[in-house]
1. If you go through the range 1-39, how many residues are in a loop (DSSP other than H, G, I, E, B), at pLDDT below 95 and hydrophobic (A, V, I, L, M, F, W, C)?
2. Test of understanding: among Ala36, Ala7, Ala23, which residue is farther than 21 Å from Ile62 by Cβ and free of Cβ contacts under 8 Å to residues at least 60 places away in the same chain?
3. Just give me the residues in the range 43-57 being open to solvent by less than 60 Å² (accessible area, probe 1.4 Å) and touching a residue at least 12 places away in the same chain (Cβ under 8 Å), in sequence order.
4. Residues in the range 1-42 that are farther than 22 Å from Arg65 by Cβ and either open to solvent by 30 Å² or more (accessible area, probe 1.4 Å) or of a type in the set (Ser, Thr, Tyr) (or both): how many?
Amino acid sequence: MDPKIGASSLTLDEHSGSTWILAGRRRIMTVLEEDAAIVQVTHGTLADAHRRRIEEAIESYIRARHRYLCWQASSCHGAGGN
């Protein structure tokens, strides 16, 4: 995971027939018209739903990682500071 890529860095870039999901300037996913047709929405709408889910996953990972690091730090301090 690139620590410079935060949930707020995710954006959508509309193209003819597709929408790209970008993390910064890096494309991480492309949603095609054909993908969206399966669920009967536009590719922009489907891409936005995927973007929100990816944001949630990033935020969840960061929270879990923070809790783990805090727990690890307190365990080390409680065991004599090692």
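1. Looking only at the range 1-39, we keep the residues that are in a loop (DSSP other than H, G, I, E, B), and these are 1-6, 16-17, 24-25, 39.
Next, only the ones that are at pLDDT below 95 stay: 1-6, 24-25.
Next cut, hydrophobic (A, V, I, L, M, F, W, C) only: 1, 5.
Final tally of qualifying residues: 2.
2. Details: Ala7 fails: farther than 21 Å from Ile62 by Cβ; Ala23 fails: farther than 21 Å from Ile62 by Cβ.
Only one candidate qualifies: Ala36.
3. As a first pass, look at the range 43-57 and keep what is open to solvent by less than 60 Å² (accessible area, probe 1.4 Å): 43-44, 46-49, 51, 54-55, 57.
Of everything in the range 43-57, those that are open to solvent by less than 60 Å² (accessible area, probe 1.4 Å) and touching a residue at least 12 places away in the same chain (Cβ under 8 Å) turn out to be His43, Gly44, Leu46, Ala47, Asp48, Arg51, Ile54, Glu55.
4. So the count comes out to 23.
The values are calculated or read from the model by the stated rules, or taken from the named source; none is laboratory data. Just so it is clear, the model here is predicted, and its values are computed rather than measured. When we count neighbours, we look across all protein chains shown, and the Cβ atoms used for this are built from the backbone with ideal geometry, even at glycine. With ligands, DNA and RNA removed, areas are computed over all heavy atoms of the protein, side chains included. Shrake-Rupley method; radii C 1.70, N 1.55, O 1.52, S 1.80 Å.
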